Amino acid sequence: MKIFKNYSIKNSLNIKSKAKYYVELYDKKDFNSFHSFIKKEKVPILIIGEATNIVLPDFYNGIIVKPIFNQFIFNEDQKTVAVGSSINWHEFVLKMIENNIIGYENLSSIPGSVGASPIQNIGAYGREVSDLIESVDCYDYIEDEFITFKNIDCNFSYRNSIFKNKNYIIYNIDFTTNSYNNFNLRYSTVQKFIDSNKIDLNSINAMDVSKIITKIRSKTLPDPIKIPNVGSFFKNCIVNKNIIKTDRFSLDDLIIWNADNDKSKIGSARLIDLIKDQLDNFENVEIYEHHSLVLIAKDNATQEDIIDFARHIIDKVYENFNISLEIEPSIIFN
Ligand SMILES: Cc1cc2nc3c(=O)[nH]c(=O)nc-3n(C[C@H](O)[C@H](O)[C@H](O)COP(=O)(O)OP(=O)(O)OC[C@H]3O[C@@H](n4cnc5c(N)ncnc54)[C@H](O)[C@@H]3O)c2cc1C
């Protein structure tokens, strides 16, 4: 275990942020020392991966913890692979493709670490990580105990899981290696790309699908290294269609997918597109021109700037549609 004091935390929004303590954990044996350390310090604790989905304050008056676990071990009998939480997600996807394992390719190029993937059940282009996880190994830093969650016990749903706001450090995930035999190319954007580029589906392999997904993503999502962002700032909304206000816009103006029971999933990007001209200008944050769910931060942006702008968008969407947008990244308060 390594402990750093008053440490700058790199994050994809480029917010200038420091933590009272920054701690790196390298080994299961470090958890015990970490437990003793937090008992002594009695301050808030935040676990991070690559900080691509968090909105940090200027100063975090607590302990920011990064578990650094890099194992990648196949278990041929179980048809699983054990993967360390700090491995970069896209590098992991590429490794699965190299090993001829199907099912991961649609999740190519999602920023961040393997360890964060179950937290919000990352998903894209018709696949969610919950389709691929066998089990998740955690350390409960308050109870000082190890827990393994089987997939069924993770309570996965759209951008949600049992791991949100819990005292768990995820240090290993077992992924399945034999869940899928075919590619999932049904998502409309993927189909359109295949049609317009006249791609022959008979000669396509997992690496081709991965490259297609990466190309599609690069058209609408900014690279956080060049343009600071956290990806989609708002989730799509699950609501009953009957509650939607239709005096300014009609239901035909919206993107509506059928979800479960009497609820529908409403595309939040379209809601924001429709009210964009009603929004005030904010100095340090704006909506990305190619994707209305993405907020991009300018050089001096603070957490407050970003939250103020997000609240302004939420208010306008509510005023126009009677729909409450929900924020996707974790907002970290002091
Ligand atoms: C350009 C861009 C595009 C994106 N596209 C998508 C997309 O298509 N689909 C999608 O679902 N997401 C997307 N995201 C969001 C982001 O990629 C994911 O949420 C990713 O899983 C975050 O990984 P991270 O390591 O950066 O997590 P962090 O931002 O470091 O942390 C995110 C959350 O996970 C917790 N956490 C992190 N690691 C651990 C751990 N080891 N143990 C316990 N808790 C932990 C943190 O406390 C925090 O609450 C995008 C982000 C960007 C910037």
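Observations
- Shape summary of segment 237-331, radius of gyration then Dmax from alpha carbon positions: 14.0, 45 Å.
- Over segment 70-220: Kirkwood hydrodynamic radius from C-alpha pairwise inverse distances, Å: 16.1 Å
- Residue-averaged [θ]222 nm for the chain, counting only DSSP H segments that reach four residues, each worth -39500 (n - 2.57): -7000 deg cm²/dmol
- Within the accessible area of segment 237-331 (1.4 Å probe), percent carbon and sulfur: 38 percent
- Projected-area average for segment 2-67 over all orientations - Cα convex hull basis, square nanometres: 4.1 nm²
- Whether the chain is rounded, prolate or oblate, judged on the alpha carbon gyration tensor where a/c under 1.5 counts as rounded: oblate
- Prolate/oblate/rounded call for segment 1-114, Cα gyration tensor, a/c under 1.5 rounded: oblate
- The GNM of the chain, with springs linking C-alpha atoms under 10 angstrom apart, assigns the highest mean-square fluctuation among PHE149, PHE234, PHE249 to PHE249.
- Most mobile listed residue (SER292, SER264, SER203) in the chain, GNM with C-alpha springs under 10 Å: SER203
- Each other residue within a Cβ distance under 12 Å of LYS211 adds +1 if Lys or Arg and -1 if Asp or Glu, for a net charge of 0.
- Residues TYR288 and MET207, FRET efficiency given R0 of 30 Å [Cβ-Cβ distance, rounded to 0.05]: 0.60
- Surface per residue (accessible, 1.4 Å probe) for segment 70-220, Å²: 49 Å²
- Euclidean distance of C-alpha centroids, segment 255-284 and segment 198-238, integer Å: 20 Å
- Measuring only protein heavy atoms, the 1.4 Å probe finds LYS2 accessible over about 100 Å².
- Among ASN284, ASN181, ASN160, the largest mean-square fluctuation in a Gaussian network model of the chain (Cα springs under 10 Å) belongs to ASN181.
The values are calculated or read from the model by the stated rules, or taken from the named source; none is laboratory data. What you see is a predicted model, and the numbers here were worked out from it, not measured in a lab. Neighbour counts are summed over all protein chains in view; Cβ atoms, including those assigned to glycine, are modelled from backbone coordinates with ideal geometry. Keep in mind that these areas ignore ligands, DNA and RNA; they rest on the heavy atoms of the full protein, side chains included. Shrake-Rupley method; radii C 1.70, N 1.55, O 1.52, S 1.80 Å.
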